[in-house]
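Nothing in this text is a laboratory measurement; each read-out follows from the coordinates by a stated rule. Just so you know, these numbers come straight off a predicted model, no measurement behind them. Here Cβ is always computed from backbone atoms with ideal geometry, including for glycine, and neighbour counts include all displayed protein chains.
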Amino acid sequence: MSRIVIKSVNIYWKLSAPCFCYNQKEIKSLNVMNKIAILSTCLALYACNNFGQSAETKNEKSMNKVPTVVKSEEEWKKQLTEEQFYILRQKGTERPFTGKYYKTNDKGVYSCAACGNELFTSDMKFDSECGWPSFDKEILGNKVITQVDTSHGMIRTEIMCAKCGGHLGHLFDDGPTDTGKRYCVNSVSLNFVAEKKKKD
């Protein structure tokens, strides 16, 4: 970026140099617009570059987070049910409106069915009528990682468990709450632990 700024400043001085043969009034009238345009361009390039670096860094943090629970596919196959393996490890999708947590309204915590990583709470869940459990955010602490999914001729954001890399579902920007997010998750990818009711 510094090279771009330096190059732009050099261009500015080259454009300004011939004007030193004029008097002060002529210099002002000839160069004021050039100065504004070139300096504005430098600032715009600098700002755009910083924004791009920030977005890229944020994306890389999400994409490059390494799961801490690492097992071979054969080990996962022995641990998980056939349906869980298909969805969590082979990135499958359960049929809409069939998941056991689709209409669950009990208080509690939803965790990854493969490794137990706590992902969502019941307070984050909402009824989206899309056919799968939906949440407007995740539990704090980088519980979920994302990556671009181009399967089935679509471009979507896949969500995965940050601890084991298990496929959870997809993330959409059409949520009805303040976050504007909809974490669309397969019930099979989740386990639910109900909150213990207080005794009177």
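Rounded if a/c is under 1.5, else prolate if a/b is larger than b/c, else oblate: which is region 73-194, with a ≥ b ≥ c the root eigenvalues of its Cα gyration tensor?
On the way: a/c = 1.44, a/b = 1.20, b/c = 1.21.
It is rounded, given that a/c, with a ≥ b ≥ c, falls under 1.5.
Quick check on my link table: of K77/K107; K78/K181; K77/K103; K163/K197; K71/K91; K77/K137, which ones sit more than 23 Å apart, alpha carbon to alpha carbon? Please list the in-between numbers first.
Working: K77/K107 31 Å; K78/K181 34 Å; K77/K103 28 Å; K163/K197 29 Å; K71/K91 16 Å; K77/K137 29 Å.
Over 23 Å Cα-Cα: K77/K107; K78/K181; K77/K103; K163/K197; K77/K137.
So what's the net charge close to G175: Lys and Arg +1, Asp and Glu -1, counting the other residues with Cβ under 10 Å from its Cβ? Could you put the intermediate results ahead of the total?
Working: positive: K137, K181, R182; negative: D136, D173, D174, D178.
Residues near G175 contribute -1 overall.
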